[in-house]
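The values are calculated or read from the model by the stated rules, or taken from the named source; none is laboratory data. All values reported here derive from a predicted model rather than from experimental measurement. Note that each Cβ is placed from the backbone with ideal geometry, even for glycine, and that neighbours are counted across all protein chains shown. We work out accessible area using only protein heavy atoms, side chains counted, and drop any ligands, DNA or RNA first. Shrake-Rupley method; radii C 1.70, N 1.55, O 1.52, S 1.80 Å.
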Amino acid sequence: MTNTPAAPAPFSRIKIRAGAMVFCGDDVALIRRDRAGSTHYTPPGGNVEDGEDLVAALARELAEELGLATALAEGGDLLWVVDQRVTRPGPTPPPRKLHLIYRFHISPAVRATLAEQELDELPDGSHEVGVIEWIDYRKTAELPIFPPIGPALASLAGPRAAVANVALDAVTDANYTWV
């Protein structure tokens, strides 16, 4: 008799995603992804690799996706934490994911040097193109952003405003449907 390991239960694994709100004045960089039947936005960033330092992971992701060297940006403070436990399509049990969202500010001169699109490699080796859009942060409340931070982003008193609580509401199957 062969013992095959049981598939992990949903949310039994935890992944960490380091992302950033990169501001240039009142505009913030978001990556727009157009898919069949849906469009959504994400803050630039990505999963932290096993054993990788959080700051190094964030710097790597911002360099990969925006072409931004964090040394050219001001800030780097933790803005929000979002706990994600959402069922998603596919054969792999969904992980629990903690989104750590940091805040940076750049000058118009730095912004002019950044990427206009981002290529995300898919499992089959092809790439999905994401478009880098600069959007006035006050107009993000109704955008389909994941994690769903649009209302919190739009409600900031200003791009540099302090937040009272870095922990945003958890994203679960009760309040979010995967698109």
Next item on the list: Set the Förster radius R0 to 30 Å, insert the Cβ-Cβ distance between residue 71 and residue 173 as r into 1/(1 + (r/R0)^6), and round the FRET efficiency to 0.05.
Entry: 0.15
Next item on the list: On a 0 to 90° scale, report how tilted helix 54-66 is relative to the longest principal axis of the chain, with both axes built from alpha carbons and the result rounded to the nearest 10.
Entry: 70
Check: Ordered by residue, what ³J(HN,Hα) values in Hz, to whole numbers, does the range 152-162 give under the Karplus form 6.51 cos²θ - 1.76 cosθ + 1.60, where θ = phi - 60° and Gly and Pro are x?
Finding: 5, 5, 5, 8, 4, 5, x, x, 9, 5, 5
Margin query: Between 79, 156, 66, where does the largest GNM mean-square fluctuation fall for the chain, given springs only between Cα atoms within less than 10 Å?
Written below: 156
Notebook entry, point to check: Roughly how many percent of the accessible protein surface of the chain is carbon and sulfur, given a 1.4 Å probe and a whole-percent answer?
Noted result: 54
Next item on the list: Multiply the residue gap between residue 16 and residue 49 by 0.36 nm, knock off their C-alpha separation, and tell me the result in nm, one decimal place.
Entry: 11.0 nm
Checklist line | Simple spin-label estimate for residue 87 and residue 113 in nanometres, 7 Å along Cα-Cβ | finding: 4.8
Next item on the list: Place a label point 7 angstrom from the Cα of residue 39 along the Cα-to-Cβ direction, then list the residues of the range 121-138 whose backbone nitrogen is under 18 Å away.
Entry: 128-138
Note to self: If you take every residue apart from residue 101 with its C-beta less than 11 Å away from the C-beta of residue 101, what net charge results, scoring Lys and Arg +1 and Asp and Glu -1?
What the structure shows: +1
Check: Along the charge dipole of the range 13-170, Cβ charges K/R +1 and D/E -1, which of 166, 41, 76 sits furthest on the positive end?
Finding: 166
